Amino acid sequence: MALSATGQNRPFWLGADISGTTELESRGQRLYNAQGQLRENTALMHELGLNAVRLRVWVNPRGGFCNQDDVLAMALRARYYGMAVMVDFHYSDWWADPAKQPIPATWQYFTYDEMKFALAAHTRETLQLLRQHNIDVRWVQVGNETTHGFLWPMGRAEENMQQYAGLTDAGYEAVKSVYPDAQCIVHLDGGCDAARYDFIFDGLRRYGARWDMIGLSVYPYWDREAHLTQSDAETLQKVVANIKRLYQKYGTESMIVETGYEVKRPNEGKQFMQQLIRAASSDTDGHCHGVFYWAPELEGHYPLGAFANGRPTAIMEAFTEAAARLQK
């Protein structure tokens, strides 16, 4: 089911990153809808009105979670519910984000050319597996929150922008060889901070790397921690301005591929998500294509989920209400 942005003849996507689904199941964790009925995570997201999922891929992860086969298992569930899939390549054996972008263990001693080959092969093999099972892959992230590049130190943007660009382009070409119509996303954190987007995309453009869409992380909590903004309203205003500015500068559409709010403040979280979805779908001149919540079902050690006691909080009501409003 595609949703239509207000005033736009194009789909608007409401999604969630539910990459931890099978690992949670292995621990015996159960999820319920607001009425207390037991639900599998993908089914629950669909019930809440979401029409897309985001799934991360690690190269050789401990335990096998988020490897190629695990991603396929989760993608097949999304296919059952008619949900589109975003594939998020971390190009790491474990978490990759602005603070760390470790090279996979088996790639540690590769030359730059060998690294490009390995990255492309891993990308193609994963996507070919999904394509063989008729998975609707609409978007592919070539790296996760690559604010400082990836595959450090070889592809660290501050020291080796040309190599980061070359590795990104190798990923782009590999994606298109399997899913020609998939949108290739370059994803950064701090969606309110225009300077970090200029740094990366000026560098990628300078060295001829290709991308189709810009992915943004939007977390008011982390923006305040980093002293980027002082309020939810400031984060929202700066994100909307940045999305419009990025289109003007690079001619590139955007997607909010990660967002989250403090689970202990569900009513404020719902309000922010309502404002974010409405602004993204209506106030960006049509240049933002969707909003994805990161790991809403994750409880405990992570402060920005959207579930309590295995059930969705009011935060997720913002997505359900938006789905009803935007549905054709």
With springs only between Cα atoms under 10 Å, which of Thr313, Thr252, Thr111 fluctuates most in a Gaussian network model of the chain? Thr111
In whole Hz and in residue order, list the ³J(HN,Hα) couplings for region 288-300 that follow from phi through the Karplus curve 6.51 cos²θ - 1.76 cosθ + 1.60, θ = phi - 60°; x for Gly and Pro. 10, 9, x, 9, 10, 7, 8, 6, x, 7, 6, 10, x
In Å, the Kirkwood estimate of hydrodynamic radius for region 237-328 over Cα pairs equals 13.8
Expected field for Leu76, accessible surface area in Å² at 1.4 Å probe radius, rounded to 10, holds 60
Overall dimensions of region 97-182 by Cα: Rg and Dmax, Å: 13.1, 40
Calc'd 3J(HN,Hα), region 267-283, phi into Karplus 6.51 cos²θ - 1.76 cosθ + 1.60 (θ = phi - 60°), Hz, glycine/Pro = x, comes to 5, 5, x, 4, 4, 5, 5, 4, 5, 5, 5, 5, 5, 5, 8, 10, 10
Relative counts (whole %) of C-alpha pair distances in region 40-113, using bins that are 5 Å wide: 3, 15, 21, 19, 16, 12, 7, 4, 2, 0
Enumerate the amide H contacts of Asp88 below 5 Å, restricted to partners 5 or more residues apart or on another chain; note that Pro and chain-start residues carry no placed amide H. Leu55, Arg56, Val57, Gln141
Percentage of Cα-Cα pair distances in region 166-278 greater than 26 Å, rounded to whole percent? 26
Ordering Ser282, Ser92 by accessible area with a probe of 1.4 Å, largest first, what comes out? Ser282, Ser92
With every protein chain in place, what's the accessible area of Ser26 (1.4 Å probe, Å², nearest 10)? 80
Over the Cα atoms of the chain, each weighted equally, I'd like the Debye log10 I(q)/I(0) at q = 0.10, 0.11, 0.16 Å⁻¹, rounded to two decimals. -0.53, -0.65, -1.47
In whole Hz, what ³J(HN,Hα) sequence does region 229-239 give by Karplus (6.51, -1.76, 1.60; θ = phi - 60°), x for Gly and Pro? 9, 10, 7, 4, 4, 5, 4, 4, 4, 6, 5
Please compute the per residue accessible area over the chain with all protein chains in place, 1.4 Å probe, rounded to a whole number of Å². 40
Base-10 log of normalised Debye intensity for region 1-156 (one unit scatterer per alpha-carbon) at q = 0.14 Å⁻¹: -0.75
The pairs in Lys100/Lys238; Lys176/Lys264; Lys116/Lys244; Lys249/Lys270 lying past 30 Å Cα-Cα in this model are Lys176/Lys264; Lys116/Lys244; Lys249/Lys270
Need one number for region 179-237: average projected area of the convex hull over its C-alpha atoms, nm². 4.8
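The values are calculated or read from the model by the stated rules, or taken from the named source; none is laboratory data. Predicted, not measured: the structure shown is a model, and the values here were computed from it. Surface areas here come from the heavy atoms of the whole protein model, side chains and all, with no ligands, DNA or RNA. Shrake-Rupley method; radii C 1.70, N 1.55, O 1.52, S 1.80 Å.
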